Amino acid sequence: MTGAEEGAETKGMPRIGEQAPDFEALTTHGPLTMSDLRGQWVVLFSHPADFTPVCTTEFVALARHAEEFAQRNVKLVGLSIDSIHSHLAWLRNIEEKLGVKIPFPIIADVDMKVASKFGMVHPEASTTAAVRALFVIDPDGFIQAIVYYPLQTGRSIDELLRLLDALQTTHQHHVATPADWRPGEKVIVPPPLTEEQVEELLRSDYEKTDFYLMKRDL
């Protein structure tokens, strides 16, 4: 790949703050488009392949936390470049061997059209499988977070739920969240942009470290 080609490919990948690319795909729950998912939070994630050990542990973990995602108005949507028949066989195998029913749809992306739109295939990692890419999309269809994991490393569902809590909080209250933030803890007040705002914040009853770092309860 030339430098120009590589730059063009990178430019075409979606970024945080951009509208998520629309698509039409067949899933284990029937046809699906990105437009169908508007009005709710969406976690669109790819896995390298069906019938693989790390992916199986991830799907089981996600299924076991399905109620927690539902409570957050989050729709999970999986994707790999396997066929719909492979997906269905794998889901039956998971239910049979592990006693877990997967409640969310999985996109069959054999032609790699959806994976390509979302930059899920990294040739340096594998030319035949999607890496562990994850996109958090808000109810208006804008990408709020992107997380990539290598093929060999399973994702943390606890961290995903924490990320969703933080994103939904900042989205609703127009604040920021500190490292390791959990619901119920203080949030960060957006830093001032003018001298007048500096003075206003210094007069406030917020928890103050300095004018640029203040916390408050929600």
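The values are calculated or read from the model by the stated rules, or taken from the named source; none is laboratory data. Small disclaimer: the values here were computed from a predicted structure and weren't measured. A quick note on method: Cβ atoms are made from the backbone with ideal geometry, for glycine too, and the neighbour counts reach across all protein chains shown.
Hey, could you check segment 132-167 for residues that are of a type in the set (D, E) and assigned to a helix (DSSP H, G or I) and say which is surrounded by the most Cβ atoms within 10 Å (Cβ to Cβ)?
D165
Yes/no per residue for (1) at pLDDT 95 or above; (2) touching an Asp or Glu at 6+ places or on another chain (Cβ under 8 Å); (3) more than 23 Å from P14 (Cα to Cα):
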residue: L151; (1), (2), (3): no, no, no
residue: D158; (1), (2), (3): yes, no, yes
residue: L164; (1), (2), (3): yes, no, no
residue: T170; (1), (2), (3): yes, no, no
residue: P191; (1), (2), (3): no, no, yes
residue: D217; (1), (2), (3): yes, no, yes
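In the set V100, V110, V147, which member is in the same structural domain as F23 (by TED's automatic domain parsing) and touching a Leu at 6+ places or on another chain (Cβ under 7 Å)?
On the way: V100 fails: touching a Leu at 6+ places or on another chain (Cβ under 7 Å); V110 fails: touching a Leu at 6+ places or on another chain (Cβ under 7 Å).
None of the others qualify; the one that does is V147.
Are any residues in segment 56-88 free of Cβ contacts under 8 Å to residues at least 12 places away in the same chain and more than 15 Å from the chain's Cα centre (by Cα), and if so, which ones?
Residues satisfying the conditions are E67, Q71, H85.
Out of (1) surrounded by fewer than 19 Cβ atoms within 10 Å (Cβ to Cβ); (2) in contact with a Lys or Arg (Cβ under 8 Å, 6 or more places away or on another chain), what's the single condition that is false for S83?
Among (1) surrounded by fewer than 19 Cβ atoms within 10 Å (Cβ to Cβ); (2) in contact with a Lys or Arg (Cβ under 8 Å, 6 or more places away or on another chain), the lone unmet condition for S83 is (2).
Of all residues in segment 192-218, which are in a loop (DSSP other than H, G, I, E, B) and either in contact with a Pro (Cβ under 8 Å, 6 or more places away or on another chain) or exposed (fewer than 14 other Cβ atoms within 10 Å of the Cβ) (or both)?
Once the filter is applied, which keeps residues that are in a loop (DSSP other than H, G, I, E, B) and either in contact with a Pro (Cβ under 8 Å, 6 or more places away or on another chain) or exposed (fewer than 14 other Cβ atoms within 10 Å of the Cβ) (or both), segment 192-218 yields L193, T194, R203, S204, D205, F211, Y212, D217, L218.
Please verify whether T33 is out of contact with any Pro (no Cβ under 8 Å at 6 or more places or on another chain), free of Cβ contacts under 8 Å to residues at least 12 places away in the same chain and among the polar types (S, T, N, Q), treating the condition exactly as stated.
Answer is yes for this residue.
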